[in-house]
Structure formats: structure tokens, C-alpha cells
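Data first, discussion second: the structure below is written as C-alpha cells.
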Amino acid sequence: MKFLIVGLGAAGQRHARNLREILGDRIDLCAYRQRRTGGALTDSLAVEPDVTPEQKHGIEVFRDLDEALLAAPDAVIVANPSSQHLATARRAAEAGCALFVEKPVSHRWEGVPDLAAYVARRRLITFVGYQWRFHPLLARVKDLLDGGTLGRVIAANAVYGEYMPAWHPYEDYRQTYAARSELGGGVLLTQIHDMDYLGWLIGWPDQVFSLGGHLSNLEIDVEDTASTLMRCGTQERHVPVHLHQDYLQRPPSRRCEILLEGGKACFDLLNGSLEVFDTGGAAIVREDTATFRRNDMFLSEMRHFLACLEGTQTSRVSLAEGCKSLAVAVAARKSLLSGRVEAVEYLQTDESRDKLPES
């Protein structure tokens, strides 16, 4: 099996490490990269200055994407800056490759429906890298909501904030894709994982209203703060879901509370805890996944993608599924700029959005 990794930043190197851990020498790894960076990165993002990613992981490097695709990879991992995802994925799809696209699928909506239609016509295997869907804590919440034992969802409130300059100590935050508009940065797209898990757990919104912008002294040209209210559910029953995102919080915060007819579910994704309360305030579930390694999510999603390539599983986050959170983020950014409530426009191939769990 041969994989082509487009981009050898933190995400691309993580996938290279994990593919080697899973398959060892049974996989050929090649990469297309436009610029050389420093040494290889570890799971904790420490730099190994005496060895390059190519040397550490046995990667053949190409300087031309067409040449790399002529090497006939079975799958392409799209891990370059967000603004380049769509064009890269399209060229890989035209070469007949399976696609693993890092989130978000793109930095804008234009061109996305065409790509989705193209991969559907060619029946290509696709996956979008929303690894939090593979976290055992969120899987437990998903089962709880889908089971309906606590009734229907009434409302939800989530927050994710983290100080951006501390993300990658080995590089200047001002030069990263997350900080630059032309590379598809901004908190709405960069922290899109939380929009994805909320839609997956609760149901996808039809309207959003977002406030925020570049409110700090960070040297960036994108929004660093966004507070988005989403109207989820059906025409008969709307549920408010709120998400706050920022590049600023110290210490970081990543948590969510979901109010249900029969109680409340509260989880913290940084310390790996889940508490579920009944209407009397008694804790009926307490779970702790603090020992769960963050990289286990990435290993799980890659094993799943490999199983899709082998034909033993169906993609849990296909391109069409991964485009739903992009549609929400695009509408939220439009609302942030317009100051108005904006409708969310999904792919027309979606017959209907996921509905709220029923009791």
C-alpha cells in the first residue's frame, strides 16, 4: 500500500508516525511538500533537531504534486494549509486516489459541492479528519443521547478557548495557517472540531448568529473570538446550541453542557471527564478518561480509514458528512461579518440533516 502525504507540518507528520506504527514496513510513504522546515516532531510537538521527518519515517519526497501523483498512491492525505485543501483534493481525486482530508474541507464553500459530486460519481473512498468522533467520552455521550433515556435535548452550551501562541512553541504563530486569512485561518475554521461534534451529537443547525472578530492584540488578520448561537432541530421544534471559540484563554478550556428533559450531561475534553445528572441533581454517570492518550484518537481514525480502503468498513466521516461542519462555519463567518442571522446551506446531495435524538 502506498500513501502520499501532502504537507509535512504537525498534522502530516502525525499521520506519518501513526501509519508507521500501524503498518510498519508494509506501507510506502511519500510526501509532497513545498518548503522544508526543521527537525521531526514528536507526538508532544517537541522537535528532534538532528533528524528530518523524511529520514525518521522513511518518506520519499516530491517537489511536484503531479509527479507525486504519477507514483500511483492508493490514498492521499491532504494536510497542507486549509486554503489549499480543495485544489489538492480535486487533483488527487482526478488521479483516482482515496482521500483523507484534514479539517476543514476548505476555507470557503465555493467549489466544495463540485468536489463532493465528483467523488460521489467516481465512488472514491473519502474521510475527513474529525478525530474527536473517535474519543471514547464523546462516543459515550453519543450513545446516551441516541438512546433517549434522558429524554430530548433542550439546549447546549460549549466553549473552546486556548492561547494560540502556545500551540506550536517551535514556530512563530504569526506565520501559521491559523493566523493568516490567505491560508484559511481564523478561529471559526481552525477550531471547527467543536462545531462538528455538536452537530454530530445534537443535530445540524439551519440558522446561525455569530458575534466576535479580531478582539485581542494578537498579530493576526483573522477573527480570534467567535460566539455563535445555532438553531438546531426541525421546523416543529428548535433547540438553541451555543458555541464560544477563542485563541486567547489561559489556562485553556474545552467543555460542554447539554440540558435534557431528564437531566444534564457535562463533559470536559481537556481533563477527560463526563458527569450525567438526573432531574434531582444526582450524578447517575461519572466517567474519567484522563489516561486516554490524545494520539489514540488519531490512531483510531487511521485504522478506520485503512479498514475503509480494505472494504471492511464504511467511512464514518465521508466528504459529504465532513462538509456539514464547514457549511456551519461558513454561515457563522458570514453572520459575523453581516451582523445578521444567516441560513446554513448544506450540500444538495444531503436529503436531510441529522435530527435531534428522540425520546
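Computed over the chain, the P(r) tail beyond 37 angstrom holds 17 percent of alpha carbon pairs. Taking the Cα centre of the stretch 2-131 as reference, the dipole from Cβ charges on Lys and Arg (+1) and Asp and Glu (-1) amounts to some 320 debye. Amide hydrogen proximity for residue 180: with H placed 1.01 Å from N in the peptide plane, the residues at 5 or more positions away or on another chain lying under 5 Å are 185, 186.
The label-point distance for residue 310 and residue 237, in a model that sets each label 7 Å from Cα toward Cβ, rounds to 4.1 nm.
At an R0 of 35 angstrom, the distance between the Cβ atoms of residue 285 and residue 120 translates into a FRET efficiency of 0.35. Less than 5 angstrom separates the built amide H of residue 260 from those of 154, 265, all sequence-distant by 5 or more or on a different chain. Across the stretch 2-131, the mean sequence separation of Cα contacts (distance under 8 Å, 6 or more residues apart), normalised by length, yields a relative contact order of 23 percent.
Toward the positive end of the charge dipole of the stretch 42-158, with +1 on the Cβ of Lys and Arg and -1 on the Cβ of Asp and Glu, the farthest Cα among 86, 42, 55 is that of 86. Remark: relative contact order (the chain) = 19 percent; criterion is Cα-Cα distance under 8 angstrom and separation of 6 or more residues.
Each residue of the stretch 41-51 was assigned a 3J(HN,Hα) from its phi angle through the Karplus expression (A = 6.51, B = -1.76, C = 1.60, θ = phi - 60°), giving 9, 8, 4, 8, 6, 7, 9, 9, x, 8, 9 Hz with x at Gly and Pro.
Computed from phi, the 3J(HN,Hα) profile of the stretch 178-185 under the Karplus parametrisation 6.51, -1.76, 1.60 (θ = phi - 60°) reads 5, 9, 10, 4, 5, 9, x, x Hz, with x in place of Gly and Pro.
When the helices of the chain are scored as -39500 (n - 2.57) per DSSP H run of n ≥ 4 and the total is divided over every residue, the value at 222 nm lands at -9000 deg cm²/dmol.
Around the amide H of residue 215, modelled in the peptide plane, lie the amide H atoms of 224, 225, all under 5 Å away and 5 or more residues distant in sequence or on another chain. Please check: in the Gaussian network model of the chain (C-alpha springs, under 10 Å), which one of 228, 291, 42 has the largest mean-square fluctuation. Judging by the Gaussian network model, the answer is 291.
Would you please classify the overall shape of the stretch 59-122 from the alpha carbon gyration tensor, given that a ≥ b ≥ c denote the square roots of the eigenvalues, rounded means a/c under 1.5, and beyond that prolate means a/b larger than b/c while oblate covers the rest? Verdict is oblate for the stretch 59-122. Over the stretch 2-131, the ratio between the Cα radius of gyration and 2.2 N^0.38 Å evaluates to 1.02. Rg over Rh for the stretch 146-226 works out to 1.07, both radii taken from alpha-carbon positions and Rh defined as the Kirkwood radius. Computed from point charges on the beta carbon alone (+1 for Lys and Arg, -1 for Asp and Glu), the dipole magnitude for the stretch 151-261 about its Cα centre is near 320 Debye.
Each peptide in 271-281, 128-138 gets a packing score, the mean of other Cβ atoms within 10 Å over its residues, and the list from highest to lowest is 128-138, 271-281. Among 122, 90, 180, the largest mean-square fluctuation in a Gaussian network model of the chain, built with springs joining Cα atoms closer than 10 Å, belongs to 122.
For the chain, complete DSSP H runs whose alpha carbons reach 27 Å or more along their own long axis and whose mean Kyte-Doolittle score is -1.0 or higher are 319-338.
In a simple Cβ point-charge model (Lys, Arg +1; Asp, Glu -1; nothing else charged), the chain has a dipole of about 200 debye relative to its Cα centre. Computed over the alpha-carbon pairs of the stretch 78-181, the distance histogram in 10 Å steps reads 12, 30, 28, 26, 5 percent, short to long.
Every number here is computed from the coordinates shown, using simple stated rules; none is lab data. Predicted model, so just to flag it, every value in this text is computed and none were measured. Positions of Cβ are backbone-derived with ideal geometry, glycine not excepted, and every protein chain shown enters the neighbour counts.
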